[in-house]
Amino acid sequence: QVQLVESGGGLVQAGGSLRLSCTGSGSIFSDSTMGWYRQAPGKQQAPRKQRELVAIITSGGSTNYADSVKGRFTISRDNAKRTVYLQMNSLKAEDTAVYYCHLDRVPYSYWGQGTQVTVSS
């Protein structure tokens, strides 16, 4: 069983920055693809599969980003700390959402509890 704990969310003005962290337990972290997803206000009851992919990073360090965050967000990982980060710069009001950390290593799939990010315009 893997537990993922996110932190770093909060309230920030448009144009500001936040860094999210997600720390995992268990031995499979370093072999897993890690991702950040988000669910905007009013969509909290939607199935998990409707969460928007923000960024992913593979075990080898390859990254991929949603078009809406390219150039503003950076995902990184520290396997020794079992932690994945999401550096968010130039935040916009439309980035407001609950951000979830995800671990993917077939057949395993785990989600964190989410952390709220609110960007005021």
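Derivation of every value follows stated rules applied to the coordinates shown; laboratory data play no part. Since the model is a prediction, treat every value here as computed from it, not as a measurement. Cβ placement follows ideal geometry from the backbone for every residue including glycine, while neighbour counts extend to all protein chains displayed.
For region 102-116, give me each residue that is under 19 Å from residue 7 (Cα atoms) and among the hydrophobic types (A, V, I, L, M, F, W, C).
The answer is 103, 111.
Within the group 57, 75, which residue is closer than 21 Å to residue 110 by Cβ, touching a Lys or Arg at 6+ places or on another chain (Cβ under 6 Å) and among the aliphatic types (A, V, I, L, M)?
Within the list 57, 75, the selection yields 57.
Taking only region 12-32 into account, find how many residues are touching a residue at least 12 places away in the same chain (Cβ under 8 Å) and either aliphatic (A, V, I, L, M) or more than 21 Å from residue 68 (Cα to Cα) (or both).
The total comes to 14.
Name every residue in region 59-95 that is in contact (Cβ under 8 Å) with a residue 60 or more places away in the chain and either under 17 Å from residue 33 (Cα atoms) or polar (S, T, N, Q) (or both), in order of residue number.
Within region 59-95, 83, 84, 85, 86, 87, 89, 90 qualify.
Criterion first (of a type outside the set (D, E, K, R), more than 18 Å from residue 115 (Cβ to Cβ) and touching a strand residue (DSSP E or B) at 6+ places or on another chain (Cβ under 6 Å)) does residue 75 satisfy it?
no
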